[in-house]
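Below is one structure, written out as structure tokens; the observations come after it.
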Amino acid sequence: MRKALRWLLALTVLIGTLSTAGAATAAEPEATDIKDRLLSIPGMSLIEEKPYTGYRFFVLNYTQPVDHRDPSKGTFQQRITVLHKDVSRPTVFYTGGYNVSTTPSRREPTQIVDGNQVSMEYRFFTPSRPAPADWSKLDIWQAATDQHRIFKALKSVYTKKWISTGGSKGGMTATYYERFYPKDMDGVVAYVAPNDVVNDEDSAYDRFFTQVGTKECRDRLNAVQREALVRREPLEKKYAAYAADNGYTFKTIGSLDRAYEAVVLDYVWGFWQYSLLRDCATIPADAKTATDQAIWDSVDTISGFSFYTDQGLEPYTPYYYQAGTQLGAPDIHFPYIEKKYIRYGYESPRSLVPRDIPMKFLPYAMRDVDSWVRHNAHHMLFVYGQNDPWGAERFRVGKGTKDSYVFTAPGLNHGANVAGLVAEQKALATARILDWAGVPAPSTAQAKPLAEFDRKLDVRDVEREPALRP
């Protein structure tokens, strides 16, 4: 009996202690300001907060393992931004696959669902680069795991539905993330995402360039491109003076001559990537009688003579590394240009990455992703532009996929979006995005973006990237 009483007394004391501790914990005020809540996440630190009406906008660093398979190999700081609307709203997880912008902006799905937006800088794009840089840790699984850790860290703050999105390489990134972590997101909206399943088979691009736009426009572009190679000698003198004036060098690609040809061969691709059919009016109508300056200006405006310099290539080393190890890269032919005028052809990613960075192509990576999408896509939307070269090799959905779509915006380029789809597809896409985000529209026919258009947050030209880079 005494033993039982002693046990009961001890239990009463223990319960009292736990109750007191619980009361003390409950008495401590929890962080309610969104900045405090974000900064209470282990590994999260503030770079700056920028004001924007109706939102809070934070630029942050998040500590990531260099190697998610072996965290003991060190960490690096990865930049992210948070456009905060309200924790009661859904959240869009965006990445462009390159650097992150530190200016407040809103991607189309964010406007559609009137939600929060988390944006991630892709690993190895400065300043989100480990030091020293072990380039073998730059692959699609490591990057997807970066996103997974960020999502897990922020899910405790943003508890509603999440949708991932991205355009071009960002669309690829959103797709790879879904392939490796299909349970994280409630939906995926991938814009103009290339899908180079077999790296050495690029005939789809050749077919694309015989059909895109109109014959008149194609003939104009082809003639200017050819004429720029015919006039190689005088225009390369101009290029050399241009490079000297700006301090440009050509160590990575190998020579000014190689760089010149690379810029010229990007010309037709670059036009269709960034321009619309109506822009053909800006192309010299008769290349043979055009001045050297007119040819130079047209090529420079579309391709950019600064890009294949060391200074132009350096910021994109991580992309070309990935293109040469997993993503693949296009190679097209130029049947309207005599072989004597083409000395090198399209440059491979290997020639655009410094030689001290080792590279080995892994052909199974894209085949794996393509097969997974075709058979397992769930709540995924792919949007392409009819006149965008990168859409020549695209993702497709097949048997086994659920509530997933591939739509093409007529006449649009690398900036294709839901707003550019035909009315029926636009309504369906908008309704599905809203539903995935947990804010369904009254009906598919009535589906429209929930947030009012904001000319500062929502207006974006096609993101100007060098041609032959998605």
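Residues that are surrounded by fewer than 24 Cβ atoms within 10 Å (Cβ to Cβ), under 19 Å from the mean Cα position of the chain (by Cα) and more than 27 Å from H375 (Cβ to Cβ) within the range 388-416 comprise L412, G415, listed in sequence order.
The set of residues in the range 197-221 being under 24 Å from the mean Cα position of the chain (by Cα) and among the acidic types (D, E) consists of D200, E201, D202. Scanning the range 355-377 for residues that are within 15 Å of A190 (Cα to Cα) and surrounded by 19 or more Cβ atoms within 10 Å (Cβ to Cβ) yields V369, D370, V373, A377. How about the range 39-109: which strands (runs of 3 or more DSSP E) wholly inside it have at least 1 residues that are farther than 29 Å from K448 by Cβ and open to solvent by less than 30 Å² (accessible area, probe 1.4 Å)? Strands (runs of 3 or more DSSP E) meeting the threshold: 44-52, 55-65, 75-84.
Only a single criterion out of (1) open to solvent by less than 20 Å² (accessible area, probe 1.4 Å); (2) more than 30 Å from A429 (Cβ to Cβ) is not satisfied by A323, namely (2).
The criterion of at least 3 residues that are under 29 Å from the mean Cα position of the chain (by Cα) and closer than 30 Å to D370 by Cβ is met, among helices (runs of 4 or more DSSP H) falling completely within the range 268-359, by 317-322.
In the range 127-150, how many are more than 17 Å from the chain's Cα centre (by Cα) and closer than 22 Å to E108 by Cα? Within the range 127-150, residues that are more than 17 Å from the chain's Cα centre (by Cα) and closer than 22 Å to E108 by Cα number 0. Among the residues of the range 198-234, the ones that are assigned to a loop (DSSP other than H, G, I, E, B) and surrounded by fewer than 16 Cβ atoms within 10 Å (Cβ to Cβ) come to 6 in all.
Here is a yes/no grid of residues against (1) in a helix (DSSP H, G or I); (2) open to solvent by 10 Å² or more (accessible area, probe 1.4 Å):
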{"residue": "Q117", "(1), (2)": "no, no"}
{"residue": "S128", "(1), (2)": "no, no"}
{"residue": "A131", "(1), (2)": "no, yes"}
{"residue": "A153", "(1), (2)": "yes, yes"}
{"residue": "R179", "(1), (2)": "yes, yes"}
{"residue": "A190", "(1), (2)": "no, no"}
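Cβ separations smaller than 8 Å between residues 6+ apart or across chains give the following pairs from the range 374-393 residues that are at positive phi to residues that are of a type in the set (S, T, Y) and surrounded by fewer than 24 Cβ atoms within 10 Å (Cβ to Cβ): H379/S404.
Looking only at residues of the range 426-470 that are at pLDDT below 80 and not charged (D, E, K, R), we find that the one that is farthest from S303 (Cα to Cα) is V459.
The values are calculated or read from the model by the stated rules, or taken from the named source; none is laboratory data. None of the values given here were measured: they were computed from a predicted structure. Heads up, the Cβs are rebuilt from the backbone with ideal geometry, glycines too, and the neighbour counts pull from every protein chain shown. Ligands, DNA and RNA are stripped out before the accessible areas are found, and what is left, the full protein with its side chains, is counted by its heavy atoms. Shrake-Rupley method; radii C 1.70, N 1.55, O 1.52, S 1.80 Å.
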